[in-house]
Amino acid sequence: MKIVVTGAKGFIGKNLCVMLREHGHQDIVEVDRETSREMLAKYLSEADFVYHLAGINRPKDDAEFQLGNAGLTCFIAEQLKQSSKQVPLVVSSSTQAERDNAYGQSKLLAEKSVEQYGNDTGSAYYIYRFPNVFGKWCKPHYNSFVATFCYNTLNGLDISINDPLAQVTLVYIDDVCHSLISLLDGSVNSGFKSVLPEYPTTVGEVANLLRAFKESRNSLITENVGTGLSRALYSTYLSYVSPEQFSYAIASYGDERGVFSEMLKTKDAGQFSFFTAHPGITRGGHYHHTKNEKFLVVKGKALFKFEHIATGERYELQTDSSSPRIVETVPGWSHDITNIGDEEMIVMLWANEIFDREAPDTFARPL
């Protein structure tokens, strides 16, 4: 299948072309501003499927809207009508098509030419009125406030917000591309299409989340970035990190036993840290009433000792990095860990709550 993508070097086009190839589509013709009308006509005559993503949104004058949006779309539709086969056509429109402005009207005319193409030829057609699309590779200070906010926040530049309560609807670039690619098997009916999920939010909420992402490198407290808008926005924010910003330092506390460092903290699922211990060194010697910890020896050999603080019952176990094994601390049991190997021991540690110096729930009781 020969797939033609106009606007291939733009934000959506660049992401789409990458994902198309990931899905096994290698015969992709990428059309950009350097492509002549003659070459475009040739590509269209050979196309089996067309994604028309090119358009004008920052013209020098309003006349460019008609030329770059309505005019180009009409040209594509007319060229495809000359094909001996039915070629599905997808057009990238905008929610602005519902508004009475030059940009919106040019998009509305583009939609009508695509719809007419489908009616005249019986070809499948798909019209997307995209709201605010965000994600990696979107150009800051161009047509996405999210891209601008990400770039500015990351680089310590001011963000201009007129109304933090202004409502916005966002869709994520990965979801956009997945929706576009789903059209290729021919199972989707023609007409207006939308991308799900949509994320209704406010300009202020987006700005606040981005500030929290930046602060997390200092506080080590991460937002809940595993699902929904926070997940997509966090990924977008990170896409603007320069190579010089790929790493950051964390605090390390050392003494004669070894070192201890906290790595990551969560708001409601505890924290991750690690520590080292020299041969023969014992760490711990305390108990907790509520706190739970999970230990994983990633280097070396360890002896864990436990004692029930009420009954005096004792228990010991050994573990080493050759056979990864989680060792849990249990409330009401005092515990310690000794390096019984000949090399430095490194242990990864998860606790179900962030350490609170004012209420540490940690009581000394050497075994």
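The values are calculated or read from the model by the stated rules, or taken from the named source; none is laboratory data. Every value quoted in this text rests on a predicted model; they were computed, and no experiment measured them. Neighbour counts are summed over all protein chains in view; Cβ atoms, including those assigned to glycine, are modelled from backbone coordinates with ideal geometry.
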- Query: Of all residues in region 20-61 being at pLDDT below 95 and of a type in the set (A, V, I, L, M), which is farthest from Tyr128 (Cα to Cα)?
  - Reply: Ile56
- Give the residues of region 300-329 that are under 17 Å from Phe272 (Cα atoms) and not in a loop (DSSP other than H, G, I, E, B), sorted by residue number. Ile326, Val327, Glu328
- Query: Of the conditions (1) exposed (fewer than 14 other Cβ atoms within 10 Å of the Cβ); (2) over 30 Å from Phe213 (Cα atoms); (3) out of contact with any Phe, Trp or Tyr (no Cβ under 9 Å at 6 or more places or on another chain), Asp268 fails just one. Which one is it?
  - Reply: (2)
- In region 197-236, residues that are in contact with a Phe, Trp or Tyr (Cβ under 7 Å, 6 or more places away or on another chain), in a loop (DSSP other than H, G, I, E, B) and hydrophobic (A, V, I, L, M, F, W, C) total 1
- Item | Hits in region 116-132 (condition: over 10 Å from Leu89 (Cβ atoms) and out of contact with any Lys or Arg (no Cβ under 6 Å at 6 or more places or on another chain)) | Gln116, Asn119, Asp120, Gly122, Arg129, Phe130, Pro131, Asn132
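So that you can scan it fast, the table gives a plain yes or no per residue for (1) surrounded by fewer than 17 Cβ atoms within 10 Å (Cβ to Cβ); (2) over 25 Å from Asp163 (Cα atoms):
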{"residue": "Arg217", "(1), (2)": "yes, yes"}
{"residue": "Arg231", "(1), (2)": "yes, no"}
{"residue": "Tyr234", "(1), (2)": "no, no"}
{"residue": "Glu244", "(1), (2)": "yes, yes"}
{"residue": "Ala251", "(1), (2)": "yes, yes"}
{"residue": "Asp255", "(1), (2)": "yes, yes"}
{"residue": "Thr276", "(1), (2)": "no, yes"}
{"residue": "His288", "(1), (2)": "no, yes"}
{"residue": "Asn292", "(1), (2)": "yes, yes"}
- Query: Just for region 69-95: of the residues that are under 11 Å from Gly55 (Cβ atoms) and polar (S, T, N, Q), which one is surrounded by the most Cβ atoms within 10 Å (Cβ to Cβ)?
  - Reply: Asn69
- Item | Thr290, sole failed condition from (1) in contact with a strand residue (DSSP E or B) (Cβ under 7 Å, 6 or more places away or on another chain); (2) on the phi < 0 side of the Ramachandran plot; (3) not aromatic (Phe, Trp, Tyr) | (1)
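Hey, could you check region 330-367 for residues that are of a type in the set (S, T, N, Q) and within 19 Å of His278 (Cβ to Cβ) and say which is surrounded by the fewest Cβ atoms within 10 Å (Cβ to Cβ)?
Our first condition is that a residue be of a type in the set (S, T, N, Q); within region 330-367, this holds for 334, 338-339, 352, 362.
Checking which are within 19 Å of His278 (Cβ to Cβ) leaves us with 338-339.
On the way: Thr338: 21, Asn339: 25.
Among those residues, the one meeting the criterion is Thr338.
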